[in-house]
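J.: Here you go, one structure.
The values are calculated or read from the model by the stated rules, or taken from the named source; none is laboratory data. Keep in mind it's a predicted model, so treat the numbers as computed, not measured. Every residue, glycine as well, gets a Cβ built from its backbone with ideal geometry; the counts of neighbours run over all protein chains shown.
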Amino acid sequence: MKKLTLFLMSQKGHDALAHFIALFGSEPVSFVVGSTDPNIQHDYYKEIKELCKKHSVKFFDRKEKFNVDTAFTIAISWRWLIPLGQSKLIVMHDSLLPRYRGFAPLVNCLVNGEKKIGVTALFASEEYDKGDIIAQQSANISYPIKIHEAIDIASVCYQKLVEKVGRKIVSGKSLQAKRQNEAEASYSLWLNEDDYDIDWNRPAKDIKRFIDAVGFPYNGAATYMEGKKLRVLDAEVIPDLAIENRKPGKVIFIQQDKPVIVCGKGLLKILSLTEDGSTQEILPLKRFRVRFT
């Protein structure tokens with residue numbers, strides 16, 4: 001039986017490890033390396049560590065010293081360089097490569113309204129996400145869909161891929177891979193806090209998709225009211241009206257204590273709104289004449 005090393009983060013890493021152990025046991029896992037992630041509200045660091053403890057698998061924090069001595073290493077949701085030695089690194093990436101190479105591919109897939117999401121297992125390369133593809137797993141989605149729902153779907157894809165790749169590694173079979181088609185390649189940029197801001201000049205349906213794509217476990221879509229930073233956690237699209245002096249961001253109605261906001265095209269009713277850093281709802285608004293920026 002061949003062994004492998006795992007570098008894991010997030011729900012996807014946790015669920016993939018649980019599935020692997022359920023199928024092959026813990027013996028093929030040399031050890032697991034994990035890390036916290038301050039950019040999301042629930043990073044699954046503790047759950048991954050506890051899962052390793054439950055099944056007597058060695059666990060290292062990425063800041064600890066360890067030595068990779070297995071023939072293959074698999075990385076899921078990992079974002080740092082990995083000291084490998086002679087081990088071959090297999091990266092599992094949140095898109096159907098060669099599209100959406102780079103960062104936050106699942107979030108950007110949802111923002112763009114992609115009808116299919118998926119995961120790619122590929123050999124690591126010097127240029128990120130350009131390595132040869134070992135296998136892919138996809139799933140169809142429909143909208144509206146929130147990011148945590150998409151993560152659940154993607155996690156199943158990860159589990160199926162880990163099963164495919166892991167079975168070959170454990171049994172000592174060779175891993176076949178094919179080159180990516182560069183003509184079909186696209187890239188997904190990294191996100192920072194500024195990228196969470198809502199652009200009210202966009203159509204309401206696009207803003208709705210954006211709100212759903214950056215919600216929990218991420219920090220949530222941001223907007224500003226009278227100098228205060230707020231998080232829009234949920235919203236719904238309302239049919240548009242003929243507005244003579246359209247000013248995106250302005251409240252046009254209050255319906256059931258929920259503000260309806262004018263967008264570049266269409267209207268959006270905010271269903272859940274909090275101040276940044278708080279879970280306390282601030283609806284209904286104290287004043288009607290408000291403009292979100």
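J.: For the range 57-78, enumerate the residues that are more than 24 Å from the chain's Cα centre (by Cα) and within 15 Å of LEU161 (Cβ to Cβ).
T.: PHE72
J.: Could you list, ordered by first residue, the pairs with Cβ atoms under 9 Å in which the first is in the range 235-261 and free of Cβ contacts under 8 Å to residues at least 40 places away in the same chain and of a type in the set (Val, Ile, Thr) and the second is assigned to a loop (DSSP other than H, G, I, E, B) and surrounded by 18 or more Cβ atoms within 10 Å (Cβ to Cβ), at least 6 apart or interchain?
T.: Every condition considered, the pairs that remain are VAL237/CYS263; VAL237/GLY266; ILE238/GLY266.
J.: Mind listing just one residue for me: the one in the range 79-93 that is at pLDDT below 95 and within 20 Å of the chain's Cα centre (by Cα) and, of those, farthest from PRO38 (Cα to Cα)?
T.: LEU81
J.: Go through the range 119-145 and give me each residue that's part of a loop (DSSP other than H, G, I, E, B) and in contact with a Phe, Trp or Tyr (Cβ under 8 Å, 6 or more places away or on another chain). Quick ask: steps written out before the conclusion?
T.: We begin by selecting, within the range 119-145, every residue part of a loop (DSSP other than H, G, I, E, B); these are 124-132, 141-145.
Answer for the range 119-145, where residues must be part of a loop (DSSP other than H, G, I, E, B) and in contact with a Phe, Trp or Tyr (Cβ under 8 Å, 6 or more places away or on another chain): GLY131, ASP132.
J.: Let me ask something else about it. If PRO203 meets every condition in (1) in contact (Cβ under 8 Å) with a residue 60 or more places away in the chain; (2) of a type outside the set (Asp, Glu); (3) buried (at least 21 other Cβ atoms within 10 Å of the Cβ) apart from one, which number is that one?
T.: Among (1) in contact (Cβ under 8 Å) with a residue 60 or more places away in the chain; (2) of a type outside the set (Asp, Glu); (3) buried (at least 21 other Cβ atoms within 10 Å of the Cβ), PRO203 violates only (3).
J.: Considering only the range 23-40, I want to know if a residue exists there that is touching a residue at least 60 places away in the same chain (Cβ under 8 Å) and among the charged types (D, E, K, R).
T.: Pass one, the range 23-40, residues touching a residue at least 60 places away in the same chain (Cβ under 8 Å): 23-24, 28, 39-40.
With among the charged types (D, E, K, R) added as a condition, the list becomes none.
There is no residue in the range 23-40 that is touching a residue at least 60 places away in the same chain (Cβ under 8 Å) and among the charged types (D, E, K, R).
J.: Quick one: count up the residues across the range 53-71 that are more than 21 Å from LEU81 (Cα to Cα) and either part of a loop (DSSP other than H, G, I, E, B) or in contact (Cβ under 8 Å) with a residue 24 or more places away in the chain (or both).
T.: The total comes to 3.
J.: Among (1) part of a loop (DSSP other than H, G, I, E, B); (2) closer than 30 Å to ARG287 by Cα; (3) of a type in the set (Lys, Arg), which single condition is ARG209 missing?
T.: (1)
J.: Only one residue in LEU51, LEU17 is at pLDDT 95 or above, in the same structural domain as LEU175 (by TED's automatic domain parsing) and touching a His at 6+ places or on another chain (Cβ under 8 Å), so which one is that?
T.: From the options LEU51, LEU17, the qualifying one is LEU51.
J.: Collect the residues in the range 118-128 that are at pLDDT 95 or above and surrounded by fewer than 23 Cβ atoms within 10 Å (Cβ to Cβ), keeping them in residue-number order.
T.: Result: PHE123, single match.
J.: While we're looking at this one, here's another question. Among the aliphatic types (A, V, I, L, M), touching a strand residue (DSSP E or B) at 6+ places or on another chain (Cβ under 8 Å) and part of a strand (DSSP E or B): does that describe VAL91?
T.: When the stated conditions are applied, VAL91 passes them.
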